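A.B. asks: Sharing a structure, written as structure tokens. Questions coming.
No value in this document is a laboratory result; all are computed from the given coordinates. Computed from a predicted model, the values in this text were never measured in an experiment. For neighbour counting, all protein chains shown are included, and Cβ atoms are generated from backbone atoms with ideal geometry for every residue, glycine included.
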Amino acid sequence: MAPGQVDATAVREALKEFPDPETARGIVETGQLGDVQVDRNTLKLRLALSTHSAILRDEITERLVGLLKEKFPSLDNVSVELGVHERPPEKIGQIGLSAKSVVAVASGKGGVGKSTIAAVVALGLSRAGSKVGLMDADVYGPSIPHLLGVSGRPEVVENRIQPIQVAGLRMMSMGLLVPPGEAVVWRGPMLHGAITQFLRDTDWGELDYLIIDMPPGTGDIALTLSQLLPLSGAVVVCTPQDVALLDAVKAVAMFRKVNIPVLGMVENMSGFVCPDCGKRYDIFGSGGARRRAEELHIPFLGEVPINIQIRVLGDEGRTMATLDDPTVGPGLLALCQTVVRNLSSQPTETGPLPVLSV
Ligand SMILES: Nc1ncnc2c1ncn2[C@@H]1O[C@H](COP(=O)(O)OP(=O)(O)O)[C@@H](O)[C@H]1O
Ligand SMILES: [Mg+2]
């Protein structure tokens, strides 16, 4: 090849080390890099990504184009045609769940927006094109059905509980099995049995992600889950004030004890921007979670402000619409991306990571 000239072989060679975001293996080796066509200064190529990487599609394309333009400055037009790489999940854990990543969303205490964040992450990934299950394991306060506007009892077909299909995702909640307003007292062994049964007997199908809304506080369920499944990681949600952070630190310690990697911390209810005057009020303080995450050497995943729409849409059972809200939607989607990015690179004990805020 003459200097300055580009051909398909050189492009393939240059992309050998380019990692598939899901497996971190090279896209040439995995067969994800398809046709490469070079016509003078124009390059067209096909790249197939698995549905697990759906939310990172644009970011990956941009990075790939950037790399090629840097390696081959003579190219003035690089276009990528994206396709789908079929890579079904394998059965994991002793209950035989078919999922690629299982993410627990947890907090030290209730009322910090854990269920809202769990729902938003599940909805964001699903909207991008991933196959997502959302399991509400918060036996003490199952609120996912309310946040997604779902009621009624799930169907049972051939002894398997059918998850509720809502906004493109498959959802199951303890709340759908217990009449509303009725208190449930769970003791340790019962709780263990219920969670095991709940996971095993739900017909989840093949999933890219199972997002689990954990009950706040105690480690019982985290322990049960860690025995049943290889959890990919936990997202810890907290609010910025010191009392909440103390509990979040305990949640991080608990996950470390049961060897579940902590994907990072989210600061929810971080400041309030007055819609009338645009002034920001830090009602619960601000930046506390970011500092604490740094001290604990875990990634900071982003901050979500106090926003009236999040509360209103949650109460209306329309949490999905928060992703379309111009003030908080883009930040919430960025949070979903960061979770996936951190999953693929598994930076459990990390150095600096990209910090996103909304
Ligand atoms: N960033 C936010 N801004 C405004 N309201 C929020 C925000 N996050 C959560 N909420 C509201 O706070 C309440 C508690 O949230 P929820 O997700 O149920 O918390 P948890 O699961 O931690 O108990 C809900 O009414 C929810 O709509
Ligand atoms: Mg909740």
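A.B. asks: Among 191-203, 274-286, how do they line up from the highest to the lowest mean number of other beta-carbon atoms within 10 Å?
C.D. replies: Highest-to-lowest ranking by the protection proxy: 191-203, 274-286.
A.B. asks: I want to verify a result. In a Gaussian network model of the chain, Cα cutoff 10 Å, which of these has the top mean-square fluctuation: Ser101, Ser115, Ser226?
C.D. replies: Ser226
A.B. asks: Would you mind putting 22-30, 138-146 in packing order, based on average other-beta-carbon counts within 10 Å, highest first?
C.D. replies: Final packing ranking: 138-146, 22-30.
A.B. asks: Would you please state which residues of region 254-273 a label at Ile308 would reach in this model, taking the label point 7 Å out along Cα→Cβ and a backbone N cut-off of under 13 Å?
C.D. replies: 273
A.B. asks: Run the numbers for Val84 and Arg63: contour at 0.36 nm per residue of separation, minus the present Cα-Cα distance, in nm.
C.D. replies: Additional length available on full extension: 5.7 nm.
A.B. asks: When you count, for each residue, the other Cβ atoms within 10 Å and take the mean per peptide, how do 244-251, 168-175 rank with the highest first?
C.D. replies: Ranked from most to least packed, the peptides come out as 168-175, 244-251.
A.B. asks: Can you compute the FRET efficiency between Asp324 and Gln165 using 1/(1 + (r/R0)^6), with r the Cβ-Cβ distance and R0 = 22 Å? Round to the nearest 0.05.
C.D. replies: Efficiency at R0 = 22 Å is approximately 0.65.
A.B. asks: Hey, another quick one. Please grab the % of Cα pairs in region 30-98 that end up more than 18 Å from each other.
C.D. replies: Pairs farther apart than 18 Å: 48 percent.
A.B. asks: Something else about it: Which Cα, out of Gln337, Met269, Ser74, lies furthest along the positive dipole direction of the chain (beta carbon charges, K/R +1, D/E -1)?
C.D. replies: Met269
A.B. asks: Between Glu206 and Asp282, what is the label-point separation in nm under the 7 Å Cα-to-beta-carbon projection?
C.D. replies: 4.8 nm
A.B. asks: Something else: How much length is gained on full extension from Lys44 to Asp220, taking 0.36 nm per residue of separation minus their Cα-Cα distance?
C.D. replies: Length gained, Lys44 through Asp220: 58.1 nm.
A.B. asks: Still on this structure: First select every other residue whose beta carbon is under 12 angstrom from the beta carbon of Val139; then total the charges, Lys and Arg +1, Asp and Glu -1.
C.D. replies: Net charge in that neighbourhood comes out at -3.
A.B. asks: Considering the options Pro215, Gly175, Ser130, tell which one lies farthest towards the positive end of the dipole of the chain, charges being +1 on Lys and Arg and -1 on Asp and Glu at the Cβ, about the Cα centre.
C.D. replies: Most positive-ward Cα: Pro215.
A.B. asks: Given labels modelled 7 Å from the Cα in the Cβ direction, how far is it in nm from Glu294 to Asp315?
C.D. replies: With each label placed 7 Å out from Cα toward Cβ, I get 3.7 nm.
A.B. asks: Using +1 on the beta carbon of Lys and Arg, -1 on that of Asp and Glu, and nothing else charged, what's the dipole of region 1-99 about the Cα centre, debye to 20?
C.D. replies: Value, rounded to 20: 60 debye.
A.B. asks: Now for a different question. Treating only the Cβ of Lys, Arg, Asp and Glu as charged (+1, +1, -1, -1), what charge dipole size does region 79-185 show about its Cα centre? Round to the nearest 20 debye.
C.D. replies: 160 debye
A.B. asks: Rounded to the nearest 0.05, what FRET efficiency do Ile95 and Glu70 give with R0 = 51 Å and r taken as the Cβ-Cβ distance? Could you check?
C.D. replies: That pair, Ile95 with Glu70, gives E of 0.65.
A.B. asks: Also, I was wondering about something else. What is the distance in Å between the Cα centres of region 3-42 and region 290-325?
C.D. replies: 38 Å
A.B. asks: With each pseudo-label sitting 7 Å past Cα toward Cβ, what's the Asp35-Glu13 distance in nm, one decimal?
C.D. replies: Using points 7 Å along Cα→Cβ, the separation is 2.4 nm.
A.B. asks: If you don't mind, there's one more thing I want to ask. What's the magnitude of the charge dipole for region 69-130 around its Cα centre, counting Lys and Arg as +1 and Asp and Glu as -1 at the beta-carbon? Answer in Debye, nearest 20.
C.D. replies: In total the dipole reaches around 360 debye.
A.B. asks: Past 32 Å, Cα to Cα, is the threshold; run Lys69/Lys91; Lys44/Lys131; Lys44/Lys91; Lys71/Lys114; Lys69/Lys114; Lys131/Lys257 against it and keep the listed order.
C.D. replies: Among Lys69/Lys91; Lys44/Lys131; Lys44/Lys91; Lys71/Lys114; Lys69/Lys114; Lys131/Lys257, the Cα-Cα distance tops 32 Å for Lys69/Lys91; Lys44/Lys91; Lys71/Lys114; Lys69/Lys114.
A.B. asks: Grab the beta carbon distance between Arg25 and Thr196, set R0 = 35 Å, and tell me the FRET efficiency rounded to 0.05.
C.D. replies: Using R0 = 35 Å, I get an efficiency of 0.60.
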